[in-house]
Amino acid sequence: MRERTGRLAACFALGAVVGTLLDGIHAYGDVLSYPHPAFGRWAAVVPLEFGLLALGVGLATPLLERASRAAAQSWTLRRRAGELALFAALYTLTALMPAAAAPALALALIALAAARLALRPVAGDWLYVVLAAAVGPVAEAALSALGAFDYRHPDIAGIPWWLPGLWANGGFMIRRLVTPAVSARQAERPPFRRAPETGAGRL
């Protein structure tokens, strides 16, 4: 129990740090703004929001892995760092592209996620990608409607067209970063087999 609590706490911390830094790309790139910034251009609740997001994913990960019926995956540190770098680059791209390019950017991001699923498939990835693309934008639209933040150029329901595509690609990163944090992977060992009894050992 204590080990699980520690892993979930690490998951929360990971989300709070990584999510806040990524959100800073949009905050400082004038993609979105907070009505009451508390530190820099961030609102005080930003680390909490991303920490809770990562915690929720951490709690759901065992269920998602079983639902995907995929064999246990082992993500190397290099693979995880590369995934984070790619997603940060996509985040930056959404901050650099003009608002008029939102529909084209949306198609490009969706095409990238679809291409990764088709050309470099990893069993179970599709579940994280689909859920991220669906749940992420809905949650952001709800928070925006509540006044938590505002996108500078919203297209529908307070969010830009490209947001589902960005979240879809985030599904890959979420799986590769969160799964190692919450999965107590043990070194693979051959199953224990009792040595066969010999005649000399019997009474």
Filtered residues of segment 22-39 (kept if of a type in the set (Ser, Thr, Tyr) and exposed (fewer than 15 other Cβ atoms within 10 Å of the Cβ)): 28, 33
So if I check each of 20, 5, which one is among the β-branched types (Val, Ile, Thr), modelled with pLDDT under 95 and either assigned to a helix (DSSP H, G or I) or within 23 Å of residue 94 (Cα to Cα) (or both)? 5
Going through segment 113-133 one residue at a time, which ones are touching a Leu at 6+ places or on another chain (Cβ under 8 Å) and either more than 18 Å from residue 57 (Cβ to Cβ) or in a helix (DSSP H, G or I) (or both)? 125, 126, 127, 128, 129, 131
For residue 8, indicate whether it is surrounded by fewer than 20 Cβ atoms within 10 Å (Cβ to Cβ), within 16 Å of residue 140 (Cα to Cα), touching a helix residue (DSSP H, G or I) at 6+ places or on another chain (Cβ under 9 Å) and hydrophobic (A, V, I, L, M, F, W, C). no
Within segment 106-133, work out how many residues are among the β-branched types (Val, Ile, Thr) and touching a residue at least 60 places away in the same chain (Cβ under 8 Å). 0
Residue set 85, 101, 89, 54; condition small (Gly, Ala, Ser), closer than 18 Å to residue 25 by Cβ and at pLDDT below 95; output residue 54
Can you name the residue in segment 95-105 that is touching a Phe, Trp or Tyr at 6+ places or on another chain (Cβ under 6 Å) and touching a residue at least 60 places away in the same chain (Cβ under 8 Å) and is also surrounded by the fewest Cβ atoms within 10 Å (Cβ to Cβ) among such residues? 102
State whether one or more residues within segment 147-158 are of a type in the set (D, E, K, R) and closer than 26 Å to residue 9 by Cα. no
What are the residue pairs meeting all of these: first residue in segment 134-152, first residue in a strand (DSSP E or B), second residue charged (D, E, K, R) and buried (at least 17 other Cβ atoms within 10 Å of the Cβ), Cβ atoms under 9 Å, and 6 or more apart or on different chains? 151/140
Looking at 22, 48, 53, which is the one that is hydrophobic (A, V, I, L, M, F, W, C) and farther than 17 Å from residue 173 by Cα? 48
Can you go through 17, 57 and tell me which one is touching a residue at least 12 places away in the same chain (Cβ under 8 Å) and out of contact with any Pro (no Cβ under 9 Å at 6 or more places or on another chain)? 57
Per the filter on segment 37-57, residues touching a helix residue (DSSP H, G or I) at 6+ places or on another chain (Cβ under 8 Å) and among the aromatic types (Phe, Trp, Tyr) are 42, 50
Quick check, is residue 71 aliphatic (A, V, I, L, M), modelled with pLDDT of 95 or more and either surrounded by fewer than 16 Cβ atoms within 10 Å (Cβ to Cβ) or closer than 26 Å to residue 146 by Cβ (or both)? no
Can you name the condition, by its number, that residue 42 falls short on among (1) crowded, with 16+ Cβ neighbours inside 10 Å; (2) touching a residue at least 24 places away in the same chain (Cβ under 8 Å); (3) farther than 18 Å from residue 163 by Cα? (2)
Pick from segment 153-181, criterion among the β-branched types (Val, Ile, Thr) and either in a helix (DSSP H, G or I) or under 27 Å from residue 73 (Cβ atoms) (or both), ranking: modelled with the highest pLDDT: 174
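The values are calculated or read from the model by the stated rules, or taken from the named source; none is laboratory data. Computed from a predicted model, the values in this text were never measured in an experiment. Counting neighbours? That spans all protein chains shown, and the Cβs are built from the backbone with ideal geometry, glycine included.
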